[in-house]
Amino acid sequence: MEQAASDIVFQSYGRCCNNEQFFVDFYDRFMGSSAEIRTLFAETDMTQQRHLLRNGIMQLVLHARGMPDTKLRALGESHSRKGYGIQPQWYSLWLQSLIDTIREHDPQFDPQIESSWREAIGPGIELIRNAY
Ligand code: HEM
């Protein structure tokens, strides 16, 4: 039987998120991709931020598995123009940094895992982005 994208992603995240280095590498990559993004995190405690992101990605994964979107709506609010002012075009950089970091950390990474991630968490990212 074919496995659902959300199951593939749940297992892939399990192989990545136990290693703290996954989140270090994600932020190195994400902040390395733009000086503007680096500036946004200039005052941020990155140790704490890595823990918050661990949970944030889990919220995206759980949303794909049918959890209510309350937590994602709160992220939409905090990232909106009333909050951190995260411009909608930055989310594609975020997703690309995530995919590249998963490619590096998930030993089973392949094109099906990549497309499963894009399919499963795309709607949750859109929800946050559209709250701008
Ligand atoms: C804070 C997740 C996209 C910049 C946070 C927090 C979480 C989170 C869980 C901490 C909780 C909060 O403050 O609400 C996510 C997820 C994203 C995403 C899941 C993808 C959909 C982005 C993007 C940017 C960004 C694209 C920048 C271009 C920030 C900043 C903070 C933050 C500046 C606050 C840092 C601080 O407290 O100093 N994010 N984020 N996020 N995020 Fe995001």
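The values are calculated or read from the model by the stated rules, or taken from the named source; none is laboratory data. Please read all numbers here as calculations on a predicted model, not as lab measurements. Cβ coordinates were reconstructed from backbone atoms using ideal geometry, including for glycine residues, and neighbour counts include every protein chain displayed. All accessible areas refer to the heavy atoms of the entire protein, side chains included, with ligands and DNA or RNA removed. Shrake-Rupley method; radii C 1.70, N 1.55, O 1.52, S 1.80 Å.
Just a few scattered comments:
- Straightening the chain between S92 and N130 buys 12.4 nm, computed as 0.36 nm per residue apart minus the Cα-Cα spacing.
- Degrees separating the helix 46-64 axis from the principal Cα axis of the chain, which is the longest one: 50
- Positive dipole terminus of segment 5-130, leading residue within H51, G76, C17 (C-beta point charges): G76
- The phi-based Karplus calculation (6.51 cos²θ - 1.76 cosθ + 1.60; θ = phi - 60°) puts the 3J(HN,Hα) values of segment 20-35 at 3, 4, 4, 6, 4, 5, 4, 5, 4, 5, 5, 6, x, 7, 6, 5 Hz, whole numbers, x for Gly and Pro.
- Note on segment 100-132 and segment 1-77: Cα centroid distance 10 Å, given to the nearest whole angstrom.
- Exposure rank, largest accessible area first [H63, H51; 1.4 Å]: H51, H63
- For the chain, a simple Cβ point-charge model (Lys and Arg +1, Asp and Glu -1, everything else neutral) yields a dipole of about 440 debye relative to the Cα centre.
- Angle between the chain longest axis and helix 5-17 axis [Cα atoms, degrees, rounded to 10]: 70
- The candidates M58, M31, M67, arranged from most to least accessible area with a 1.4 Å probe in the full protein assembly, appear as M67, M58, M31.
- The three principal axes of the Cα atoms in segment 1-79 give end-to-end lengths of 46, 28, 20 Å, sorted in falling order.
- Compared with the direct C-alpha span, the chain from T39 to K82 gains 13.7 nm at full extension, assuming 0.36 nm per residue.
- Alpha carbon convex hull of the chain, projected area averaged over orientations, nm²: 7.8
- Using the 1.4 Å probe convention, the accessible area of segment 5-130 works out to 54 Å² per residue with neighbouring protein chains retained.
- Full extension of the chain segment joining A74 with H51 gains 6.6 nm, where the gain is 0.36 nm per residue of separation less the Cα-Cα distance.
- Between 0 and 90°, nearest 10: helix 70-79 axis offset from the chain longest Cα axis: 40
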